[in-house]
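The values are calculated or read from the model by the stated rules, or taken from the named source; none is laboratory data. Everything numeric here is computed off the predicted structure, so don't read it as measured data. Counting neighbours? That spans all protein chains shown, and the Cβs are built from the backbone with ideal geometry, glycine included. Remember, those area values only see protein heavy atoms, side chains included, never the ligands or the DNA or RNA. Shrake-Rupley method; radii C 1.70, N 1.55, O 1.52, S 1.80 Å.
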Amino acid sequence: MTAQDHALTFPQGFLWGAATSAHQVEGNNVNSNWWVRENAAQPDVRDRSGDAADSFHRYEEDIALLASLGLTSYRFSIEWSRIEPAPGHFSLAMREHYARMIGSCARHGLTPVVTLHHFTNPIWFSQLGGWEAPDAASHFERYVAFVAPILQDVPWVCTINEPNLLAGAPDDPATGAALASLEAPSPRATANLISAHEAARRVLHSDTSAQTGWSIAAQAYHAASGAEEEMLAYRYPREDLFLEAARSDDFVGVQAYLRTFIGKQGPLPVAEDAETTQMGWEYFPQALGIAVRHAHAITGRPLLVTENGMATADDNRRIDYTFEALTALHEAMASGADVRGYLHWSALDNYEWGSNLPTFGLIAVDPETFARQAKPSAHWLGQVARTGQLQRPLSVSTV
Ligand code: BGC
């Protein structure tokens, strides 16, 4: 019997949840830069978001289903382009919509983790230059001040999702958003994102009692033989700098899926014999442990796993992946990282930024009827949540 054959126990009160983002599940986000991109005359994307999972209307059903599975938390985002469709014109009705979502979480016993910006910008903000615009931070601050009143009872607020990927993805005013990427981050966008985050934190600390942080995309960077310095130089502006900017935050969101090898000339392709996911990413669940240790080493702050999961049509493999990721997380916690919760990506099969093919969801969604169907992985994670105990699933090899 190996150590992993014993159940691993997670702390009392640990948050067990699942995550989505507005544009990926709501549908018809017609005022966002991604909508422009998807509907451009010659779209460079495979699928449009369209109705997505229609969660704009079905959020109550999503929340009730997550709660019935045994999960205790739901991470979702507020769509800036719905709240402020034109500069300075704020929608009270849309704000009320998100207030109802927060209320629904409370009614169903789920702790809401609310993200204020998850990749999409209002079209007007994009046309001003997006995160490159000189007054980007003050526009974001004004939006945050408008939504703050509905965040009074929200314990966790994530200001900006993966700013470290956004900084390498400038808006193109003609064709909408670029895909968030590991391209060299723009120093101006980086500085503006950090200012926007700090401004949002100030507003939230003064107007709410929410714990505030941002969620960083971690790549679990590995140096190829002899390329240690190149790896550190590559990682710093794409990850560490954004973690350093979180040192005064209440928590840091960690998002991890894969590892990336850096050679002398930059990132290396995934090894040919590696198992890959529907994203073409290497199957490497240990990435979560590495990412959490790294975020802990740099920030020393409490951490929340705000995303982790696998795009696969094989739901048993999703269970394997999640089990191995949670095992690595448990080890990182035992070595000193203060982790407060685990939010799986994703609650639903959703719009994966240009394609409906990758399925990350614990819950399947029928694209025509929008009917939800919890997968075995959803029941499995719900059981972990109910018991606080992680047991090896039958499908994971013990060799
Ligand atoms: C993003 C999600 C995305 C997921 C899988 C994260 O980078 O925050 O929006 O769907 O990864 O690609």
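Residues in the stretch 172-196 that are within 24 Å of Met231 (Cα to Cα) and small (Gly, Ala, Ser): Ala180, Ser181, Ala184, Ser186, Ala189, Ala191. Scanning the stretch 287-304 for residues that are open to solvent by less than 10 Å² (accessible area, probe 1.4 Å), outside any helix (DSSP H, G or I) and free of Cβ contacts under 8 Å to residues at least 60 places away in the same chain turns up just one, Leu303.
Mind checking whether some residue in the stretch 348-366 is more than 16 Å from the ligand (Cβ to nearest atom) and open to solvent by 40 Å² or more (accessible area, probe 1.4 Å)? Yes.
Considering the conditions (1) within 16 Å of the ligand (Cβ to nearest atom); (2) open to solvent by 30 Å² or more (accessible area, probe 1.4 Å); (3) basic (Lys, Arg), Arg340 is excluded by exactly one of them, (1). Anything in the stretch 266-286 that is without any contact (Cβ under 8 Å) to a residue 24 or more places away in the chain, of a type outside the set (Asp, Glu) and either over 21 Å from Arg317 (Cα atoms) or assigned to a loop (DSSP other than H, G, I, E, B) (or both)? List them, or say none. Pro269, Val270, Ala271, Ala274, Gly280 - these are the residues of the stretch 266-286 that are without any contact (Cβ under 8 Å) to a residue 24 or more places away in the chain, of a type outside the set (Asp, Glu) and either over 21 Å from Arg317 (Cα atoms) or assigned to a loop (DSSP other than H, G, I, E, B) (or both).
Out of all the residues in the stretch 262-314, which are within 16 Å of the ligand (Cβ to nearest atom) and of a type in the set (Asp, Glu)? Glu282, Glu307, listed by residue number. Picking from residues in the stretch 8-22 that are part of a strand (DSSP E or B) and within 16 Å of the ligand (Cβ to nearest atom), the one that is nearest to Gln127 (Cα to Cα) is Ala19.
From Ala174, Ala180, grab the single residue that is closer than 23 Å to Leu343 by Cβ, small (Gly, Ala, Ser), open to solvent by 20 Å² or more (accessible area, probe 1.4 Å) and modelled with pLDDT under 95. Don't jump to the end; show me each part of the working.
Working: Ala174 fails: closer than 23 Å to Leu343 by Cβ.
Going through Ala174, Ala180 in turn, just one is closer than 23 Å to Leu343 by Cβ, small (Gly, Ala, Ser), open to solvent by 20 Å² or more (accessible area, probe 1.4 Å) and modelled with pLDDT under 95: Ala180.
Ala328 meets all of the listed conditions (1) in a loop (DSSP other than H, G, I, E, B); (2) under 20 Å from the mean Cα position of the chain (by Cα); (3) more than 14 Å from the ligand (Cβ to nearest atom) but one, namely (1). Annotation note: Cβ proximity below 7 Å between a residue of the stretch 237-257 that is touching a residue at least 12 places away in the same chain (Cβ under 8 Å) and more than 16 Å from Ala189 (Cα to Cα) and a residue that is open to solvent by 30 Å² or more (accessible area, probe 1.4 Å) and within 13 Å of the ligand (Cβ to nearest atom) (sequence gap 6+ or interchain) occurs for Tyr257/Trp281.
For Asn316, the stated conditions hold: it is more than 24 Å from Gly109 (Cα to Cα), open to solvent by 30 Å² or more (accessible area, probe 1.4 Å) and assigned to a helix (DSSP H, G or I). Going by the structure shown, is Ala99 over 19 Å from Cys158 (Cβ atoms) and either in a helix (DSSP H, G or I) or under 17 Å from the mean Cα position of the chain (by Cα) (or both)? Answer is no for this residue. Val254 meets all of the listed conditions (1) open to solvent by 10 Å² or more (accessible area, probe 1.4 Å); (2) within 16 Å of the ligand (Cβ to nearest atom) but one, namely (1). Cβ-Cβ distances below 6 Å connect the following pairs, each with a first residue in the stretch 305-327 that is farther than 15 Å from Thr359 by Cα, a second residue that is away from the ligand (no atom under 16 Å from the Cβ), and a separation of six or more residues or different chains: Asp320/Ser395; Asp320/Val396; Phe323/Pro393; Phe323/Val396; Leu326/Leu390. Checking each residue in the stretch 62-96 for being within 30 Å of Trp131 (Cα to Cα), open to solvent by 10 Å² or more (accessible area, probe 1.4 Å) and within 21 Å of the chain's Cα centre (by Cα) picks out only Arg82.
Within the stretch 10-20, identify whether any single residue is at pLDDT below 95, over 23 Å from Thr369 (Cα atoms), over 17 Å from the mean Cα position of the chain (by Cα) and not basic (Lys, Arg), and answer yes or no. No: the stretch 10-20 contains no residue that is at pLDDT below 95, over 23 Å from Thr369 (Cα atoms), over 17 Å from the mean Cα position of the chain (by Cα) and not basic (Lys, Arg).
For the stretch 367-399, a residue qualifies if it is touching a residue at least 40 places away in the same chain (Cβ under 8 Å), within 16 Å of Asn316 (Cβ to Cβ) and open to solvent by 10 Å² or more (accessible area, probe 1.4 Å), and the qualifying residues are Ala374, Lys375, Pro376, His379, Trp380, Gln383, Gln391, Arg392, Pro393, Ser395, Val396, Thr398. Just to be sure before I move on: is Pro134 closer than 28 Å to Ile216 by Cβ, open to solvent by 20 Å² or more (accessible area, probe 1.4 Å), outside any helix (DSSP H, G or I) and not polar (S, T, N, Q) in the structure I sent? Here the answer is yes, as Pro134 does meet what is asked.
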